[in-house]
Amino acid sequence: MDTAEVILSVLVVVIIIVSLLSNILVLICFLYNPEIRKQVPGLFNLNLTFCNLLLTVSNMPLTLVGLVSKAQPGGDGFCQIVGFLETFLSTNSMLSMAALSIDRWIAVVFPLRYHSKMRHKDAAFVLGYTWAHSMSFSTVATSLSWVGYHRLYASCTLSNPRASSRTQFVIFTVFFHSFTFLLSFIVLCVTYLKVLKVARFHCKRIDVITMQTLVLLVDIHPSVRQRCLEEQKRRRQRATRKISTFIGTFMLCFAPYVITRIVELFPAVPINPHWGIVSKCLTYSKAACDPFVYSLLRHQYKKTCTDIMNRLLKRSSLNASGRRHENQGNSLPTAE
C-alpha cells in the first residue's frame, strides 16, 4: 500500500467509528425521549439513521477490506448482496433527506395547517415511497447482474463488466442518478430556499418591531441597544447557515461520487483510482455527519443527551455511595 492508500484506509476507519457512535446516539435519543417519537420528523430521522447504521456495518468495512487487500471481499453472490444493500441504502438516505426538507417546508410555510398536512400516516406514506423507489432500482440492477465488485471504488456497487449490455447500463445509470441524486437535490433547493425566504421575512418583521421599541425606549443603555442589534444580525445569519449546511453537505458528499459515476460512462476519460476511493469516502462521510446535521445539534436532542448523561452519572454516583456505606458497615467493630 502506498501513502495515499494508507491515508484513505485511516479515513475509512474514522468514518466508520464516527458514523457508528453518532447514529447509535441518535437511536438512543429516539428510544429514550417520547416527545421525539411523537413528532413526525422523528420518523424520517429514524429511517435515515437506520440506513446510515446499516450502511456503516455492511458496506464500509468491506470497502476497507477491498482497499487494503486490493481484491474482492467474498464471492460473487455475497458481493451482489452487499451491492444491492449499497444501492438501496444510499438511495433511501437521499430520499429521506428530501422528505425531511418537505417536512420543514410545510412546517414553516404552512404552520397552522402543519398537523393536518403532515400526520404520521402521511409520513408513513412518504417513507413507503422512499422504500419502493429504492427497492425498485436496486432490484433491477441486481437482477440484471449490474452489481458487483468495482476496483475503482474498492466496493461492491453498480458495475457492468459485460460489453453486450453497455448501452442499457448507461441508460440505467443516468436514469438512476437523475431520479435519486438530482431529484433529491432539486427538492432540497426548492423547499429550503422557500423556508429561508419565510424565515428572512419573519426576521425582518421582528427587526422592525425591535427597532421601533428601541426608538421608544430613549433611556435605554447603549450596550443593551448594541446587544439587540447584534441579536438581529445573528438571527438572520442563523437561518442562512442552517439552510447552507443542509444543501452544502448533501452536495459536498454526494456530488463528487455521482459526477464520477457519470464521467466513468465515457471510456475515453481517465479517472484516477485514488479519486474513486476519495469520492466513495465522501459518500460514506454523509452517514457520519447526518446525525449532527439533522439531530444531535438540535436543542431537543442535546437536552435528551444531557438527561441521559445526568441519569447515568447519578446512578453511578448512587452505586458508589452505596458501596462506600456497605464497606463502612462491614468495617465497624462487633461486640463480643
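Is one or more of the residues making up the stretch 227-237 under 27 Å from residue 20 (Cβ atoms) and either modelled with pLDDT under 90 or open to solvent by 90 Å² or more (accessible area, probe 1.4 Å) (or both)? No, there is no match, as no residue in the stretch 227-237 is under 27 Å from residue 20 (Cβ atoms) and either modelled with pLDDT under 90 or open to solvent by 90 Å² or more (accessible area, probe 1.4 Å) (or both). The set of residues from the stretch 180-209 being modelled with pLDDT under 55 and either surrounded by 15 or more Cβ atoms within 10 Å (Cβ to Cβ) or within 21 Å of the chain's Cα centre (by Cα) (or both) comprises just one member, 207.
The residue that is farthest from residue 49 (Cα to Cα), counting only those in the stretch 106-140 that are of a type in the set (A, V, I, L, M, F, W, C) and open to solvent by 80 Å² or more (accessible area, probe 1.4 Å), is 112.
Could you list, in sequence order, all residues of the stretch 75-122 that are small (Gly, Ala, Ser) and farther than 19 Å from residue 45 by Cβ? Lay out the reasoning, then the answer.
Taking the stretch 75-122 and keeping what is small (Gly, Ala, Ser), we get 75, 77, 83, 90, 93, 96, 98-99, 101, 107, 116.
75, 77, 83, 116, listed by residue number.
Give the residues of the stretch 141-152 that are farther than 11 Å from residue 72 by Cα and either charged (D, E, K, R) or surrounded by 14 or more Cβ atoms within 10 Å (Cβ to Cβ) (or both), sorted by residue number. Walk me through it before giving the result.
Taking the stretch 141-152 as the starting set, the residues that turn out to be farther than 11 Å from residue 72 by Cα are 141-147, 152.
Residues satisfying the conditions are 141, 142, 144, 145, 146, 147, 152.
Within the stretch 164-180, residues that are under 12 Å from residue 141 (Cα atoms) sit with their Cβ atoms under 6 Å from residues that are outside any loop (DSSP other than H, G, I, E, B), at 6+ positions apart or across chains, in these pairs: 176/137.
One residue alone among 29, 51 is surrounded by 22 or more Cβ atoms within 10 Å (Cβ to Cβ) and in contact with a Cys (Cβ under 7 Å, 6 or more places away or on another chain), and that residue is 29.
Go through the stretch 57-84 and report how many residues are of a type in the set (A, V, I, L, M, F, W, C), more than 17 Å from the chain's Cα centre (by Cα) and open to solvent by 30 Å² or more (accessible area, probe 1.4 Å). Before you say what the answer is, go through the steps one by one.
Initially, the stretch 57-84 is screened for residues of a type in the set (A, V, I, L, M, F, W, C), giving 57, 60, 62, 64-65, 67-68, 71, 78-79, 81-82, 84.
Subset that is more than 17 Å from the chain's Cα centre (by Cα): 62, 64-65, 67-68, 71, 78-79, 81-82, 84.
Checking the rest, the ones that are also open to solvent by 30 Å² or more (accessible area, probe 1.4 Å) come to 62, 64-65, 68, 71, 78, 81, 84.
Count: 8.
It is to be established whether one or more residues within the stretch 269-288 are assigned to a helix (DSSP H, G or I) and free of Cβ contacts under 8 Å to residues at least 24 places away in the same chain. Yes; the residues of the stretch 269-288 include at least one that is assigned to a helix (DSSP H, G or I) and free of Cβ contacts under 8 Å to residues at least 24 places away in the same chain.
The values are calculated or read from the model by the stated rules, or taken from the named source; none is laboratory data. Keep in mind the model is a prediction, meaning the values are calculated, not measured. For neighbour counting, all protein chains shown are included, and Cβ atoms are generated from backbone atoms with ideal geometry for every residue, glycine included. All accessible areas refer to the heavy atoms of the entire protein, side chains included, with ligands and DNA or RNA removed. Shrake-Rupley method; radii C 1.70, N 1.55, O 1.52, S 1.80 Å.
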